[in-house]
Each structure stands twice: as structure tokens, then as C-alpha cells.
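This report concerns only the one structure given below.
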There are 2 protein chains.
Amino acid sequence: MADFNAIAKQFTDFYYATFDSKRDALQSLYRPHSMLTWEGSPIQGDTAISTKLVELPFAKVVHKVTTLDAQPSSPSVASLLVIVTGLLLVDDSPNPLQFSQVFQLIPDGGTYYVLNDIFRLNYGA
Amino acid sequence: MADFNAIAKQFTDFYYATFDSKRDALQSLYRPHSMLTWEGSPIQGDTAISTKLVELPFAKVVHKVTTLDAQPSSPSVASLLVIVTGLLLVDDSPNPLQFSQVFQLIPDGGTYYVLNDIFRLNYGA
């Protein structure tokens, strides 16, 4: 599964760098039938997802990936599941937040789009 | 997506109750092409996955689900993605471990099997 892991790494490097620098550019990664569940709230479609991400109430954000796993998600197309756990540094807070995020990436003309995106903060016990 | 959420809840209730009481009975949820990535180690096939789960080095384990999200994962079949975050209480340790787990469930003759399973413990910052 080395290839999937390389694609997952390339995708998450790009995704989080874009999220942390110019969130409005993430829209091109989604399609009208893409789904985001953000902290339990379901949102559908590239436009609505982009609006949600752009309007998140923090000015500065840095994602630090702690673990990254990938698996092929279909026997018939080269789609893949990517699961990330990591830390979110928001604005100038000294306390990073733990998060988990899952993507399903679907191949589309030499690149991939995000069909599924589920994000959760992980609070301590 | 109410239906997907209900299936996800039913599946995870069953999965973790079985995991915590008779781990060897989980094998029937997987197929020969199922994949588990356990703390970064990839394992393929129902038999190997069951062996891995049964041999995990703890005698008593209790999963407590903190968050549960689900999304349909395909435009053509009624498969779904399930992401769980929660706490793992292992043996008699007073310190629960945070975990994240993702399943992809594939419909199969009135029930579902697990095609993808990715498990990670989440360590603090």
C-alpha cells in the first residue's frame, strides 16, 4: 500500500498547508456531492463546505499531523481512505487541541477530490 | 442521513460490546479482502485480523464512545463511513486512553461487513 500512503501524505501536506494559509482555496478539492461533517454538523456541497471552512472563528491556525494512515477504499476504483490525528494550534493559544479527521479521496482525471470529510476535536477524559 | 446514523450506532454498539466481551467473535464482521490498520500496522483478511485482535495484550477492555459520525461513502452502493472517537479503559488502569477509529461498512445480503478498519490511540500534546 506504499502508493496509497504516498498519495495520502501528498494530499494531507497540501490540504493542511492550504487550510493554514488560504482557506478559501480548499473549495476546488470538493464537488457538489461532497460531504463534510464538522464537529457533528453535516454540510453538503463544495460551496457550502468552503463557506463553513472560511467562516470558522479563528484567524490563525496551524495543523500538526501526528499520525497518518491510508487504505484503498474500493475494489473497483482507486479511491482511498485517509485518517489523520494531530494537533490544532489556534490563534495564539498555547494549548494545542487534539483532532481526528477522515477523508475519502476519489480519483478524477489524474487528481483526486474529497467525497467524504469528517472532522472531530478530541477532548480529554 | 438519519438512516446512516442509526446503522452506525447499531454497528458500533454491537462491535464494541463484542470486542469487550468475546473478541474472537469479531471475525465474522470481516472478509478475506478486509483491511485493518492497527496503530500503523497493516493487516489483511478476516483470519489475520481476528488473530491480531484476539492477541492484543490486554485481558479486560472497555470502549466508551465519545463521538460517532457517519456518512454514505459511495454514490452507487449503500456503504458507509463511520468515525468514532472515544476512551479505552484497559485492564485495571485508572487512566483511559483516547482513541480514534474509522470503519467502512459494505452492505452484504441484508447485513454489513467491515472493508476498512483503521485504529489509532491519540496521545496528548
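Each value in this text was obtained by applying a stated rule to the coordinates, not by laboratory testing. A quick note: this is a predicted structure, and the numbers were derived from the prediction, not measured. Quick reminder, even Gly has a Cβ in these numbers, built from the backbone with ideal geometry, and neighbours come from all protein chains shown.
Summary of computed values
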{"quantity": "Calculated label separations, A:LEU56, copies of the chain, 7 Å along the beta-carbon direction, nm", "calculated": "2.9"}
{"quantity": "Nearest residue to the symmetry axis between A and B, taken on chain A by its Cβ, in whole Å", "calculated": "A:SER100, 2"}
{"quantity": "Cα centroid separation, the range B:70-125 to the range A:37-98 (Å)", "calculated": "17"}
{"quantity": "Sum of -39500 (n - 2.57) over DSSP H runs of 4+, divided by residues of chain B (222 nm, nearest 500)", "calculated": "-7500 deg cm²/dmol"}
{"quantity": "Distance violations [Cα-Cα > 21 Å] among A:LYS22/A:LYS60; B:LYS9/B:LYS60; A:LYS52/B:LYS9", "calculated": "B:LYS9/B:LYS60; A:LYS52/B:LYS9"}
{"quantity": "Prolate/oblate/rounded label for the protein assembly as shown (Cα gyration tensor, a/c 1.5)", "calculated": "oblate"}
{"quantity": "Position B:THR18, label points 7 Å along Cα→Cβ, spacing to each other copy in nm (shortest first, one decimal)", "calculated": "3.8"}
{"quantity": "Ordering of A:65-73, B:78-86 by burial proxy (mean other Cβ atoms within 10 Å per residue, highest first)", "calculated": "B:78-86, A:65-73"}
{"quantity": "Spacing of the two label points (7 Å from each Cα toward its C-beta) at A:VAL54 and B:VAL62, in nm", "calculated": "4.8"}
{"quantity": "In the range B:1-74, the trypsin sites (Lys or Arg not before Pro) that fall in loop regions by DSSP, at most 12 other Cβ within 10 Å", "calculated": "B:LYS22, B:LYS60"}
{"quantity": "Fluctuation leader among A:PRO96, A:PRO75, A:PRO42 - chain A, Gaussian network, Cα springs under 10 angstrom", "calculated": "A:PRO75"}
{"quantity": "Degrees between helix A:2-21 axis and first principal axis of chain A (Cα, 0 to 90, nearest 10)", "calculated": "40"}
{"quantity": "Choice from A:PHE58, A:PHE99, A:PHE11 with maximal GNM fluctuation in chain A (Cα, 10 Å cutoff)", "calculated": "A:PHE58"}
{"quantity": "Chain B: relative contact order in percent, alpha carbon pairs under 8 Å with at least 6 residues between", "calculated": "23"}
{"quantity": "7 Å along Cα→Cβ, label-point gaps from B:VAL77 to other copies, nm, shortest first", "calculated": "1.4"}
